[in-house]
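Enquirer: Structure below; questions to follow.
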Amino acid sequence: MKKMLSIALLALCIPAFVFAAGSSEMASAEPSNEIEIFSWWTAGGEADGLDALIKVFEEKNPNLELINSTVAGGAGTNAKAVLATRMQGGDPPDSFQVHAGHELIDTWVVSDFMEPISFILEDNGWQDSYPQDVIDIVSYEGEVYSIPVNVHRSNVLWVNPKLFEKYGLEFPVTIADFFKVAKVFKANGVDALALGDTNTWPATQLLANVILAVAGPDKYLELWNGTCRWDDPSIVSALETYVMVLDYVNSDHAAITNMDAGGYVAEGKAAMNVMGDWIAGYYDSQNYVYKTDWDWVPFPGTNGEFIMLSDSFGLPKNAPNRDNVIKWLETCGSKDGQDAFNPIKGSIPSRTDCDTSKYSPYLQDAMADFATNRILPSVAHGAAISESWVTKVHDIVNEFTTLKNVDSAVKSFQATADKYAPMK
Ligand code: GAL
């Protein structure tokens, strides 16, 4: 069955191969030794983590040549558009980075662009190697469609310990604490919260954190499945809180990226930043020292909660080098691959049997929290809602962050929920 499928796909692949490789190679029936991997991992930590994963792949497959195609821009700002053009034009990369959850399923699986790959888990005896919740969000109608290579947390407040010490302050635990310390920093001319939303999604991520903190986890979930309205008093209060938080952000926030904003904290240019834990990988790559240059707490008001997202790779239909993709996915899913990639990337493994001693103290804490906290899906990174919806959410967040008009934001957010939420 599997063999027939690959023969059929090989036939479908020939035109793309001719186009890519030129006529001189066309005559050869030899399988290609290439594989193209597509991602947006170009920044410090992310690029290094990917290199480590590629090294494991190359050691296991010395005869294959991996083409590392990247398009810079955090959260796939630019990469996703390039990917869409390629997929729709019948020129898929062999495998591409995609967020587990709605982004994978709604954008690529339901529209029939992906092959099911449950057989990879079966062939490798990995059916019990991942938490069921993680497998569930890469599955559709009983089939697995991608291999999750990591788990990231996005409700983290990164802090500069020296600045807190200088002003005799404790890291904030509640939203009230946050405003207490933010006022002190502001009074002393220090930017309390670094934001780098030139690409908008960091503002969406900040807003999602504030909603979770103020409205609580049940409302957070209901908002994104459409059973809680945006004019619910707890959500309005969260939007008002977001506007208050903006009083404490750096004035150049719209001109800098998320990694720049993370850097502001480690450099002592700002006291705090809200970002996913790829920032931990970035800090390590820049040799910033844990507990000296940076530290962390859960976003205030979200202790015991873990907003998760996961990067994964799958097998597009018509992938030019299908057999090689299977080998790549076997590296992504393996213990060796995950233990090489994640400690550098700043993420925790999606497998449950990895070697914890290879991970930094921050990542060990993240693993402990992932095992015990309430897990909630990320909005900004493809887990909670579809890409079509999140694109609209980004537009509204952009306007809201500039105009700070709660009434108008409530109306606009509700209009998109009416259109996109699964349960209205
Ligand atoms: C996320 C992705 C992370 C990291 C981050 C910043 O969407 O899942 O792995 O790349 O963007 O670029």
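Enquirer: Given an 8 Å cut-off on Cα distances and at least 6 residues of separation, report the relative contact order of the stretch 69-141 as a percent.
Expert: Computed over the stretch 69-141, the figure is 27 percent.
Enquirer: Between Gln414 and Lys166, what FRET efficiency follows from the Cβ-Cβ distance if R0 is 41 Å, with the result rounded to 0.05?
Expert: Step by step, r from the Cβ atoms, then E = 0.40.
Enquirer: I would also like to ask the following. Contour minus end-to-end for Thr292 and Ala368, with contour as 0.36 nm per residue of separation and end-to-end as the Cα-Cα distance?
Expert: Contour length minus the Cα-Cα distance gives 25.1 nm.
Enquirer: Right, another one. Which lysines have a Cα lying under 26 Å from the Cα of Lys166, excluding residues fewer than 8 positions away in the same chain?
Expert: Excluding near neighbours in sequence, the set is Lys180, Lys183, Lys186, Lys269, Lys291.
Enquirer: Let me ask something else. If you plug each phi of the stretch 298-309 into the Karplus form 6.51 cos²θ - 1.76 cosθ + 1.60 with θ = phi - 60°, what whole-Hz ³J(HN,Hα) values come out, in order, with x for Gly and Pro?
Expert: Here the 3J(HN,Hα) series is x, 3, x, x, 10, 4, x, 10, 9, 7, 10, 8 Hz.
Enquirer: Report the paramagnetic label zone for Glu34: residues of the stretch 52-68 whose backbone N is under 14 Å from a point 7 Å from Cα along the Cα-to-Cβ axis.
Expert: In the stretch 52-68, the label zone of Glu34 (backbone N under 14 Å from the point 7 Å along Cα→Cβ) covers 64-68.
Enquirer: Could you pull the Rg and Dmax for the stretch 192-267, using just the Cα atoms, both in Å?
Expert: 13.6, 42
Enquirer: Once you sort the root eigenvalues of the Cα gyration tensor of the stretch 23-154 as a ≥ b ≥ c, which label holds: rounded (a/c under 1.5), prolate (a/b larger than b/c) or oblate (the other case)?
Expert: The shape class here is rounded.
Enquirer: What lysines sit close enough to Lys419 to cross-link, taking a C-alpha to C-alpha distance under 29 Å and skipping anything fewer than 8 places away on the same chain?
Expert: Candidates past the 8-residue exclusion: Lys80, Lys219, Lys392, Lys404, Lys411.
Enquirer: Moving to a separate point now. Amide H to amide H under 5 Å from Val156: which residues, 5+ apart in sequence or cross-chain, H placed 1.01 Å off N in plane?
Expert: For Val156, whose amide H was placed from the backbone, the distant partners under 5 Å are Met275, Phe299.
Enquirer: If I stretch the segment between Asn63 and Asp112 completely, what's the gain in nm (0.36 nm per residue apart, minus their alpha carbon distance), one decimal?
Expert: 14.5 nm is the gain from fully extending Asn63 to Asp112.
Enquirer: Let me ask you something else. Kindly provide the pair-distance distribution of the stretch 297-405 built from C-alpha pairs, with 10 Å bins from 0 and whole-percent values in order of increasing distance.
Expert: 12, 30, 33, 20, 6, 0
Enquirer: Using the Karplus curve 6.51 cos²θ - 1.76 cosθ + 1.60 with θ = phi - 60°, what ³J(HN,Hα) values do you get for each residue of the stretch 387-398, in whole Hz, with x for Gly and Pro?
Expert: Each residue's phi maps through the Karplus curve to give 5, 4, 5, 5, 4, 5, 4, 4, 4, 5, 4, 4 Hz.
Enquirer: Could you compute Rg(Cα) / (2.2 N^0.38 Å) for the chain, with N its residue count?
Expert: For the chain, the normalised Cα radius of gyration comes out at 1.00.
Enquirer: Mind giving me the FRET efficiency for Thr391 and Ala255? R0 is 25 Å, r the Cβ-Cβ distance, nearest 0.05 is fine.
Expert: 0.70
Enquirer: Sequence-distant or interchain residues sharing an amide H contact under 5 Å with Val144, placed H: which?
Expert: Sorted by chain and number, the residues that satisfy this are Ile117, Ser118.
We did not get these values from a lab; they are worked out from the coordinates using the rules stated. The model shown is predicted, which means the values in this text are computed figures rather than measured ones. Cβ sites come from the backbone with ideal geometry, for glycine too, and all protein chains shown count toward neighbours.
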